[in-house]
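What follows is a set of notes on a single structure, which appears directly below.
The values are calculated or read from the model by the stated rules, or taken from the named source; none is laboratory data. Note that the structure is predicted; figures quoted are calculated from it, not measured. Counting neighbours? That spans all protein chains shown, and the Cβs are built from the backbone with ideal geometry, glycine included.
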Amino acid sequence: MEHIKEAKRYIANAKEILKEKAKKQDGFYTDPKYVKLAGHAAYTGLLVALDGAFGKKTKGSKDIDWYRDNMAKTNKKLLPSLNSAYEILHMFMVYDGVKDVRISSLGIETAEKIINAVA
């Protein structure tokens with residue numbers, strides 16, 4: 001369960017980055033740099049938990065499709081949550097720096113839901 005503890009630490013770091021550095025104003029964060037950092041931390045935490053649950057890939061590097069395939073095999077009900085977490089944390093937050101507080105909160109909540117389910 002060390003991987004779950006580590007995953008939760010990443011999530012806590014993401015929340016702290018948003019709270020302490022992203023500066024919330026009128027429902028939006030004012031600094032996309034910190035939104036991106038928080039998204040990366042939360043997404044990394046999710047992957048740490050999934051790596052612990054799914055094990056190591058035998059050939060090549062892991063990508064989202066590898067995680068989707070394993071999730072479909074182990075807990076198909078969580079697959080839509082994984083897809084949402086990927087879109088929000090990795091695509092919207094990390095790449096786009098989307099500053100809407102509600103979107104960031106939803107992404108982190110979804111990651112926490114998955115982490116708790118695979119614990």
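Summary table
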read-out: Identity of the residue in the range 59-104, assigned to a helix (DSSP H, G or I) and of a type in the set (Asp, Glu), that ends up surrounded by the most Cβ atoms within 10 Å (Cβ to Cβ); value: 87
read-out: Among (1) over 11 Å from the mean Cα position of the chain (by Cα); (2) among the hydrophobic types (A, V, I, L, M, F, W, C); (3) not in a loop (DSSP other than H, G, I, E, B) - the single one residue 41 does not satisfy; value: (1)
read-out: Filter pass, residue 94 being closer than 16 Å to residue 22 by Cβ and touching a residue at least 24 places away in the same chain (Cβ under 8 Å); value: yes
read-out: Condition check for residue 27: among the small types (Gly, Ala, Ser), at pLDDT 95 or above, surrounded by fewer than 12 Cβ atoms within 10 Å (Cβ to Cβ) and over 19 Å from the mean Cα position of the chain (by Cα); value: yes
read-out: Leading residue by the ranking (modelled with the lowest pLDDT) among those in the range 1-24 that are more than 20 Å from residue 119 (Cα to Cα) and out of contact with any helix residue (DSSP H, G or I) (no Cβ under 7 Å at 6 or more places or on another chain); value: 23
read-out: Output for the range 38-91, where each listed residue is in contact (Cβ under 8 Å) with a residue 60 or more places away in the chain, of a type in the set (A, V, I, L, M, F, W, C) and closer than 15 Å to residue 115 by Cβ; value: 42, 46, 49, 50, 53
read-out: Residue check, residue 107 surrounded by 15 or more Cβ atoms within 10 Å (Cβ to Cβ) and either touching a Lys or Arg at 6+ places or on another chain (Cβ under 8 Å) or among the acidic types (Asp, Glu) (or both); value: no
read-out: Those residues of the range 1-34 which are assigned to a strand (DSSP E or B), out of contact with any Ser or Thr (no Cβ under 9 Å at 6 or more places or on another chain) and within 19 Å of residue 109 (Cα to Cα), in sequence order; value: 28
read-out: Those residues of the range 3-37 which are without any contact (Cβ under 8 Å) to a residue 60 or more places away in the chain and β-branched (Val, Ile, Thr), in sequence order; value: 17
read-out: Failed item in (1) surrounded by fewer than 21 Cβ atoms within 10 Å (Cβ to Cβ); (2) closer than 13 Å to residue 41 by Cα, with residue 119 passing the rest; value: (2)
read-out: Those residues of the range 30-65 which are at pLDDT below 95 and of a type in the set (S, T, N, Q), in sequence order; value: 58, 61
